[in-house]
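Undergrad: Structure provided below as structure tokens; questions to follow.
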Amino acid sequence: MSIDIESGNEEFFDLDITLFEDEEITVDVNLEIVIDENLDWGKSVKSFKVHFLSAYDNRECEYLLLTLREKRKIENYLQNNLIINLS
């Protein structure tokens, strides 16, 4: 899974985004992103941290009540599988 982010000139930013908007379950997360700028390669993500905010079931039209463990599993999954493309 990948997302495109317009980074501007910031070296660090905090961003709330919604993932999987057109799917059955929508997930809102906060991303803390640290950007590294290299003269040869341009901008790249040096590191990022995912914080779970909420999940919404689009079929049932209700927010999902998740345990702390389930929230951590979502955060860890996204931390390991999310690709951030900077522009």
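The values are calculated or read from the model by the stated rules, or taken from the named source; none is laboratory data. Keep in mind the model is a prediction, meaning the values are calculated, not measured. Using ideal geometry, Cβ is built from the backbone for each residue, glycine included, and neighbour counts are taken over all protein chains shown. The accessibility values were calculated without ligands, DNA or RNA, using every heavy atom of the protein model including side chains. Shrake-Rupley method; radii C 1.70, N 1.55, O 1.52, S 1.80 Å.
Undergrad: If I take every Cα pair under 8 Å that is 6 or more residues apart in the chain, average their sequence separation and divide by the length, what percent do I get for the relative contact order? Walk me through the numbers before you get to the answer.
TA: On the way: 146 pairs, mean separation 29.2, N = 87.
In percent, rounded to a whole number, it is 34.
Undergrad: Starting from the amide H of Asn58, placed 1.01 Å from N in the peptide plane, find each other amide H under 5 Å away whose residue is 5 or more places distant or on another chain.
TA: Correct list: Ile25, Thr26.
Undergrad: If you don't mind, there's one more thing I want to ask. Please work out the Cα center distance from segment 1-15 to segment 39-83, rounded to the nearest Å.
TA: Value for the Cα centre distance between the two parts: 15 Å.
Undergrad: For segment 1-73, which trypsin sites (Lys or Arg not before Pro) are both in a DSSP coil and crowded by at most 12 other Cβ atoms within 10 Å?
TA: Those that pass, being in a loop and sparsely packed, are Arg59.
Undergrad: Another one. Once the Cα gyration tensor of the chain is found, what semi-axes does its equivalent ellipsoid get, as square roots of 5 times the eigenvalues, in whole Å, sorted largest first?
TA: Numbers: eigenvalues 154, 34, 20 Å².
Equivalent ellipsoid semi-axes, largest first: 28, 13, 10 Å.
Undergrad: To the nearest 20 debye, what charge dipole does the chain have about its Cα centre, counting +1 at the Cβ of each Lys and Arg and -1 at the Cβ of each Asp and Glu?
TA: Here the chain has a charge dipole of around 480 debye.
Undergrad: OK, next. Just the number, please: carbon plus sulfur as a percent of the accessible area of the chain, 1.4 Å probe, no ligands or DNA/RNA counted.
TA: 46 percent
Undergrad: A further question follows. Report ³J(HN,Hα) in whole Hz for each residue of segment 17-29, in order, from the Karplus equation J = 6.51 cos²θ - 1.76 cosθ + 1.60 where θ = phi - 60°; Gly and Pro get x.
TA: So the Karplus estimates, Gly and Pro as x, are 9, 10, 10, 6, 4, 9, 9, 5, 10, 9, 10, 9, 9 Hz.
Undergrad: A follow-up question, please. What is the helix-to-structure angle for 68-81, meaning the angle in degrees between its Cα long axis and the longest Cα principal axis of the chain, kept from 0 to 90 and rounded to the nearest 10?
TA: Once rounded, one gets 40 degrees.
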